[in-house]
Every structure is written in structure tokens, then in C-alpha cells.
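Accompanying notes for the structure given below.
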Amino acid sequence: MADLRGLHIGGVLIKNPLVLAPMAGVCDLPFRLICKHMGCALVYTEMISSMALWYRNRRTSFMLTLSEREHPVSVQIFGSNPEVMAQAARVAAASGADIVDINMGCPVPKVVKNEEGCALMRRPGLAQDIVRAVVSSAGVPVTVKIRMGWDDASANAVEFAQACVEAGASAVAVHGRTRAQGYQGNADWGIIARVKAAVSVPVIGNGDVRDPLDVARMMDETACDGVMIGRGALGNPWIFRRSLHYLATGEVPPEPTAVERIDMALNHLDTDVEYKGAKTATSEMRKHLAWYIRGLPRATRVRDLVNTAGGPDALRRILTAYRDQFERGT
């Protein structure tokens, strides 16, 4: 079966090939710890604005809270000013980041309109300046996350990855969609294979990985060094544990039961309340709870109750009553 020895990014050992994608509004500390517990070897923070760190924005600084239990951890930053990005990298490293990642793949309008995220793929010279500045100041390995390109007519991931590596990047993660696609259509894994063949550093593949079979297939088809899982982990952190088992044995473990899913949702809720406080956790956990119960019987009704619950105690009562129905077989 697949090689589970992991990979090295600079001097950082990643113990297996499974990586949690940096997802805005999702990859906070509680979720990262859950994925780490489930076997994910490398977790990423949400993408963090370099300009917000420059101005010492309080909420943004809170996003840099890391735990000893999640190492190795990569802090992802974004921006288009090399000096500001260099300062953000120093702050990230001082916060305990093992790796600093530069987002050059985000497709959302409010990011690309400022020449940040995937817009940098249209400005490879500036992108190189940013990578060099971050590498010179971070003191830890620096990686870059990119897309296939801005659109089909400018799918420059191979040349762009080479430019980033030339500027000092220690690894490249490639999402197999263009900015124009957003998250629609199918990811082109062929571009991941072409980038892997073109650079000398580890390449992490990303896009359309939803189950253990996808993990193995991506590794086989692209020869990538790591597999980054994003939306496939929403409400489903078991994907890491199940994928590791499949890669090691060739056997696909069973999906988690309804009771296991609801118990995990309760655990996630408790951790989020401890980390963020009751009010914020109640608001931000609603989407996670909906993901955990997605596809289960009566999930729509429970989701409606979750969305109108007034606090964590109410959420616990709703989920506990829902779990009890499965335990009773009703």
C-alpha cells in the first residue's frame, strides 16, 4: 500500500501524508485539535491578513493562538506587500508556527480585488518578492498554496510553482481548480502531477478529496507527497483516521455511526465554548453541528432547532436528545 513515512518540509517532519486545508471560518484551534487527534499530520490555521497583523488587530491576533498539542502547525498569511508580509511572518513564527504558508490561491472577490490571494498568480514577479521577503524573515520553512491558475487561458501553476521554489519556498500546495472556477466543477489532478514533476520540493495535492479512496487515488495519479483535505473534513474529521487505515491496510473502515457523529459534535461544542466563550461559540458552531448531522434521519428538523437555540446549554440538550433517539433505535 501507500508509503506512510510522511515528508519533510524544510527541517519539519510531517509524520504522514495527510494535511488539513486552511479554511476561513473553519480551521480554528478546536477544529484543528480534533483533526490532529484523528491522525492529520499537518494542520493549517485559517488564512490571516498580514495587514491586520501589521495594525495589531485584536481579533486577528487571537487567530494566532496555537496549542502544544497541534504541532506541527502551519500559519497561513495573505497579502500583497512584501514588507508587511515579512512582518506578519515574524509574528506568526513568534507565535509558535512550525511553518509559514503564503496564500496565493484564494479566489474570493474581496481578496483578489486587492491583488492578494490568487491574483498574485498574475504577478509572478511580485509573488517572488513576497516569498523572498517572508523566507528572509520567518526563521521557519515557508510554503505557498496556489491554484491551477487564474483561468483556463492562464493556467500557469507549473511556472508559478517553479518561481516560488526559486524564491525559497520549501513546499507547494496545488488546488486543481482555477480562480474562475471557484469551487465549482471538477479539480484537475493532472496539474498537480505536472507541478510535482517540475519542482524539487514536496508538493501537496488539493481538490475533490472526499474519502479514503480519493486520498489513495490522488497519491497514485499525481505522485504528490501529501494530500490536503478541505471540504471533505467538514463534519467528518474521521476522514483522516479512515484514510490512514486504508493506506496502511487496503481496507476501508466503516463510516462513523450516528451516535459517534453526535458525540463528536458535543465534544467540539464544549471545546469551542472553552476557547471562545458561550456567545461566540453558539453562533460559530451552528455550521459545524449542521455538518456533523448532515444526511442523518430528521437532520433538517434538528438543524432548525440548532439555528434558533439561545446558548450552548440549549444546543447540548438538542444534540443529547437527538443522540438518545439513535441509542434507543427510534
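The values are calculated or read from the model by the stated rules, or taken from the named source; none is laboratory data. Quick caveat: nothing in here was measured; it's all calculated off a predicted structure. Note: ideal-geometry Cβ built from the backbone for every residue, glycine included; neighbour counts use all protein chains shown. These area figures cover heavy atoms from the full protein model, side chains too; ligands, DNA and RNA do not enter into them. Shrake-Rupley method; radii C 1.70, N 1.55, O 1.52, S 1.80 Å.
Observations on the structure shown:
- Filter result for Arg123 (crowded, with 21+ Cβ neighbours inside 10 Å, among the charged types (D, E, K, R) and within 20 Å of Ile77 (Cβ to Cβ)): no
- Residues satisfying the stated conditions in the range 141-179, i.e. more than 25 Å from Arg90 (Cβ to Cβ), among the hydrophobic types (A, V, I, L, M, F, W, C) and not in a helix (DSSP H, G or I): Met148, Trp150, Ala155, Val174
- Residue within the range 32-55 that is at pLDDT 95 or above, among the β-branched types (Val, Ile, Thr), more than 18 Å from Ser136 (Cβ to Cβ) and in contact with an Asp or Glu (Cβ under 6 Å, 6 or more places away or on another chain) present: yes
- Odd one out for Val111, checked against (1) farther than 20 Å from Ala21 by Cα; (2) without any contact (Cβ under 8 Å) to a residue 40 or more places away in the chain; (3) of a type in the set (Val, Ile, Thr): (1)
- Subset of the range 174-187 (residues that are under 19 Å from Arg122 (Cβ atoms) and not small (Gly, Ala, Ser)): Val174, His175, Arg177, Thr178, Arg179, Gln181
- Lone unmet requirement of (1) in contact with an Asp or Glu (Cβ under 7 Å, 6 or more places away or on another chain); (2) touching a residue at least 60 places away in the same chain (Cβ under 8 Å); (3) not acidic (Asp, Glu) for Phe326: (1)
- Of the candidates Leu20, Leu33, Leu29, the single residue that is over 19 Å from Val209 (Cβ atoms) and touching a Lys or Arg at 6+ places or on another chain (Cβ under 8 Å) is Leu33.
- Pick from the range 180-216, criterion outside any loop (DSSP other than H, G, I, E, B) and surrounded by fewer than 15 Cβ atoms within 10 Å (Cβ to Cβ), ranking: farthest from the chain's Cα centre (by Cα): Ala197
- Identity of the residue in the range 217-226, more than 16 Å from Leu42 (Cα to Cα) and acidic (Asp, Glu), that ends up least open to solvent (accessible area, probe 1.4 Å): Glu221
- Options Ala153, Ala163; residue that is more than 20 Å from Thr60 (Cα to Cα), open to solvent by less than 30 Å² (accessible area, probe 1.4 Å), without any contact (Cβ under 8 Å) to a residue 40 or more places away in the chain and not basic (Lys, Arg): Ala163
- Just one of (1) farther than 30 Å from His288 by Cα; (2) open to solvent by less than 50 Å² (accessible area, probe 1.4 Å) fails for Ser136. It is (2).
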